[in-house]
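In what follows, a single structure is set out as structure tokens and then discussed.
The values are calculated or read from the model by the stated rules, or taken from the named source; none is laboratory data. These numbers come from a predicted model, not from an experiment. Backbone-built Cβ (ideal geometry, glycine too); neighbour counts: all protein chains shown.
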Amino acid sequence: MKENLLGIDVGGTKCAIIYGIKENDELHIIDKKKFDTTTVDETIARILCETEKMMNLHQLTPTNTKAIGICCGGPLNSETGTVMSPPNLPGWDNIPIVAMVEEKTGIKTSLHNDANACALAEWKFGAGKGTKNMVFLTFGTGLGAGLILNGKLYTGTNDNAGELGHIRLSDFGPIGYGKKGSFEGFASGGGIAQLSKMYVMEKLQTGQKVEWCTLQELDQLTARKVAEEAAKGDKLAQSIYETSAIYLGKGLSMVIDILNPEVIVIGGIYTRNKNMMEPIMQKIIDQEALSCANRVCKVKPAALGEQIGDYAALSVAANLTD
């Protein structure tokens, strides 16, 4: 059975309208239109206009199109379909985006934050396909998470379930989620950059030379740069990622003990550096997690790659039809 679906991906710098067809357990992306995120009013008007254009281009109607899914950074209210002042979307204060889209298109629409939408995507069409209990971690600039429990997306009382990045893993450490030593502080691009500056500064202050970073370059140091040096065999860079992997293992051990998932899917930086991080992370999990829960849980890299944002928005739509 084929179902026409539309997705709207709202980002801080770019937005996209995606048309896809769901056929049984497969999702095929047919078309996509990207455009810049500008002012609130301009961007909303463009979203509605480009959605209408996409529908006209592919002869989509309320009769032959099952649902529209909107993926957006939080905070938001998925029950009322309202965007509530996300930090990456200044001015989007209590915007009833779902009602706006439904009024324009006549098609049932749903809204979820990007971590939950990506969790739906990896669960329905990616690395978590076929599971009943799955946890998804973004591991990008920050650390977001989405929870699939008993075959359903779990969002909590007010859409704050799965904020694993806020868990404190140490009294000291890099700051993430406004908290030093947090899970996000150790396991995110921003956190790894902070760790890197600490490790490199320690070397420089003791008179040692770091070939790939001078004192003047310290503020521009990124997780990507450190990963490149680690891949070349640099011991200092490798030790930075080892620290991140250790704390990733500690955080995941808590997740395994509390939620008992079948699969934990991790995207972003972990996916790109799996070979370097997995052995250390798994060693910590084996030490820390309950053996009976650890035995039934696999940690996998995300499968949808650079297209996960497209799949995420469409998966929010698909979740309405299931």
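Would you mind stating whether S196 is under 22 Å from G73 (Cα atoms), small (G, A, S) and not assigned by TED's automatic domain parsing to the domain that holds S85?
When the stated conditions are applied, S196 does not pass them.
Return yes or no: is L57 buried (at least 16 other Cβ atoms within 10 Å of the Cβ), outside the structural domain of L153 (by TED's automatic domain parsing) and either under 21 Å from the mean Cα position of the chain (by Cα) or not small (G, A, S) (or both)?
no
Tell me the residue from M254, M277 that is buried (at least 16 other Cβ atoms within 10 Å of the Cβ) and in a helix (DSSP H, G or I), please.
The unique qualifying residue is M277.
Could you please find all residues in region 35-46 being outside any loop (DSSP other than H, G, I, E, B) and surrounded by fewer than 17 Cβ atoms within 10 Å (Cβ to Cβ)?
Residues of region 35-46 that are outside any loop (DSSP other than H, G, I, E, B), as a first pass: 35-36, 40-46.
F35, D36, V40, D41, E42, A45, listed by residue number.
Among residues belonging to region 137-181 that are part of a strand (DSSP E or B) and within 18 Å of D257 (Cβ to Cβ), point out the one that is farthest from the chain's Cα centre (by Cα). Show your work before the answer.
Start the filter on region 137-181 by keeping residues that are part of a strand (DSSP E or B), which leaves 137, 145-149, 152-154, 168, 175-176, 179-180.
Next cut, within 18 Å of D257 (Cβ to Cβ) only: 137, 145, 147-149, 154, 168.
Values: L137: 6, A145: 7, L147: 12, I148: 14, L149: 17, Y154: 15, R168: 20 Å.
Per the stated criteria, the residue is R168.
For Y270, indicate whether it is more than 22 Å from C72 (Cβ to Cβ), crowded, with 16+ Cβ neighbours inside 10 Å and in contact (Cβ under 8 Å) with a residue 40 or more places away in the chain. Lay out the reasoning, then the answer.
Numbers: more than 22 Å from C72 (Cβ to Cβ): yes; crowded, with 16+ Cβ neighbours inside 10 Å: yes; in contact (Cβ under 8 Å) with a residue 40 or more places away in the chain: yes.
Spelling it out, Y270 is indeed more than 22 Å from C72 (Cβ to Cβ), crowded, with 16+ Cβ neighbours inside 10 Å and in contact (Cβ under 8 Å) with a residue 40 or more places away in the chain.
Taking K33 as the residue in question, decide whether it is among the basic types (K, R) and farther than 25 Å from T138 by Cα.
no
Given the criterion out of contact with any strand residue (DSSP E or B) (no Cβ under 6 Å at 6 or more places or on another chain) and surrounded by fewer than 15 Cβ atoms within 10 Å (Cβ to Cβ), identify the matching residue among L215, L236.
Values: L236 fails: surrounded by fewer than 15 Cβ atoms within 10 Å (Cβ to Cβ).
Only one candidate passes the filter, namely L215.
Which of the numbered conditions does C49 fail, given that it passes all the others? Conditions: (1) surrounded by 15 or more Cβ atoms within 10 Å (Cβ to Cβ); (2) on the phi < 0 side of the Ramachandran plot.
C49 satisfies every listed condition except (1).
For residues in region 185-212 being small (G, A, S) and closer than 23 Å to Y247 by Cβ, which is surrounded by the most Cβ atoms within 10 Å (Cβ to Cβ)?
In this case the residue turns out to be A187.
With the checklist (1) within 18 Å of the chain's Cα centre (by Cα); (2) modelled with pLDDT under 95 in hand, flag the one item P90 doesn't pass.
Status for P90: all satisfied but (1).
Scan A293, A312 and give me the residue that is among the small types (G, A, S) and crowded, with 18+ Cβ neighbours inside 10 Å.
Within the list A293, A312, the selection yields A312.
Out of region 207-248, which residues are in contact (Cβ under 8 Å) with a residue 12 or more places away in the chain and assigned to a loop (DSSP other than H, G, I, E, B)?
Selection gives V210, E211, W212, C213, L221, T222, D234.
So that you can scan it fast, the table gives a plain yes or no per residue for (1) touching a Lys or Arg at 6+ places or on another chain (Cβ under 9 Å); (2) of a type in the set (D, E, K, R); (3) in the same structural domain as L147 (by TED's automatic domain parsing):
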site	(1), (2), (3)
G73	no, no, no
N77	no, no, no
P87	no, no, no
D93	no, yes, no
P96	no, no, no
E102	yes, yes, no
I107	yes, no, no
